[in-house]
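Novice: So that we are looking at the same thing, I have put the structure below in structure tokens.
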Amino acid sequence: MHSHRNNIQRIGWTLLALGVLTVVFAGQAAAQSASYGMPGDWLSRYTGARTTGLGGAFVAIADDPFGALWNPAGLHQMSQNEVMFETNQYFEDTSINALGFTVPASSFPTLGLSVFSLNSGGFEKTNELNETLGEFGQNDLAFLVTGSKRLNKRFSVGANLKIVRQQFEDFNATGVGADLGVLMQVTPALTLGASALNLAGPTVNLRGLDETFPAELRGGLAYRFFAGRGVVSAEADYRDGPGTTFRAGTEVWVHDKMGLRVGYGGQSAGGGVSYKATHAMRLDYGVSNHELGLVHRVGISYRFGGFFANSYAQPEVFSPMGENSVTKFHIKSKTKAETADWALEIFDKHGEQVRRFGGKGVPPAHVMWDGKNEAGLTLPDGNYTYRVTVRDDEGRIIRAEEKTVEILTSGPQGGTPIIVE
């Protein structure tokens, strides 16, 4: 937790970083010529509620179920089971919906399944005499079955089995292809990512003519700052036809519950916001400009089980000078690799840390707090927030939900009733 001043500084540095990236990449990106109608173009150009705000620069982040579309190696970063859904509303009755699910693992590869669906309708159907025969639509589906594994503390690899199905008017076809990706943790703050998409297909045949999704190479970096609360990412994508496209963006969590994003990719700028309704549920919104207007995207994700950290105080209200002179923090955690260290931090109403417990290895089952600060002085009455953080040997950090405990020494307030006869 940080003070209001730190939040303002965080936003300022984020906007400055974005400005630098925009200067570097925007001029080159604007020079790219758009290429529409290529096989699989809708899937290659896809950005969702979160990735739109990053300008599509996600190959070195890829830390959610849809990250497999950029880099399948990124899924191994996930610590909890996660289900994710989002919808993207375009123009002329066109929309793209996506559903993803990921199950993290330690000894075995992390597994993921994601489905992307393009639906477009309202096309006029005519005969040889140009007479209207009604309307028809186009429906495309893409299934990604993902496996991701960390080889050591620095390198992760991953692969997608990609199955696509296209339906246009009365024609339909199915094709199969594969994606490969790698992720390298250069430093705790710097990550490099690269992927090769559409290897050996998919190839579909709608009207007697084979159409193969063009191979695509993506490479980029992500740099985390503000103790992991912010990230700046940049990426270069190459496909035959469109050539090279540069993307850049930034994401910063200005509050434990709210994150902001802004970025530039291809020929459009985008932005977005995330809100954590609960510790497990997050809502995402993204918007980008288009020559036909604004494109809106909405997403929701839910995390559960897997690897975690949580805690609770008992009692939640105590008095250092009274009968309940201490409170007991109960702690539970489960990490992918061996637990490296842990910390229990307590903050006052201004966001300043007043007490910290921590150590190496697995956290104890409980920690006692007597309501005093690091100097041994009894703290004033009020609400205090606390949070447990656990880090494993491979650098993954798991933060428990932030909760509240109260110091109350004054006792109940009130008057004595007087009865007059």
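Novice: Apply 1/(1 + (r/R0)^6) to the Cβ-Cβ distance of residue 139 and residue 292, taking R0 = 22 Å, and write down the FRET efficiency to the nearest 0.05.
Specialist: Details: r = 21 Å, r/R0 = 0.97.
Calculated transfer efficiency: 0.55.
Novice: Cβ under 13 Å from residue 322's Cβ, residue 322 left aside: what net charge do those residues give with Lys, Arg +1 and Asp, Glu -1?
Specialist: Working: positive: none; negative: 323, 370, 381, 406.
Neighbourhood net charge equals -4.
Novice: Then there is this: Could you tell me how far the Cα centroid of region 167-234 sits from the Cα centroid of region 338-363, in Å?
Specialist: Result: 38 Å between the Cα centres.
Novice: Also: Quick check: pseudo-label points 7 Å beyond the Cα along Cα→Cβ at residue 366 and residue 189, how many nm apart are they?
Specialist: 4.0 nm
Novice: Which of 257, 149 has the fewest other C-beta atoms within 10 Å, and how do the rest follow up to the most? All intermediate terms of the calculation are to be shown ahead of the outcome.
Specialist: Details: 257 14, 149 17.
With the fewest neighbours first, 257, 149 line up as 257, 149.
Novice: Would you calculate the separation in nanometres between label points at residue 283 and residue 38, each defined as 7 Å from the Cα along the Cα-to-beta-carbon direction?
Specialist: 3.7 nm
Novice: Please compute the net charge surrounding residue 405, taking Lys and Arg as +1 and Asp and Glu as -1 over other residues with Cβ under 13 Å from its Cβ.
Specialist: Net charge in that neighbourhood comes out at -2.
Novice: Quick check on the exposure proxy: order 190, 144 from fewest to most C-beta atoms within 10 angstrom.
Specialist: Values: 190 13, 144 22.
Lowest to highest Cβ neighbour count: 190, 144.
Values in this text are rule-based calculations from the coordinates and carry no lab data. Quick caveat: nothing in here was measured; it's all calculated off a predicted structure. No Cβ is skipped: glycine too gets one built from the backbone with ideal geometry, and neighbour counts run over all protein chains shown.
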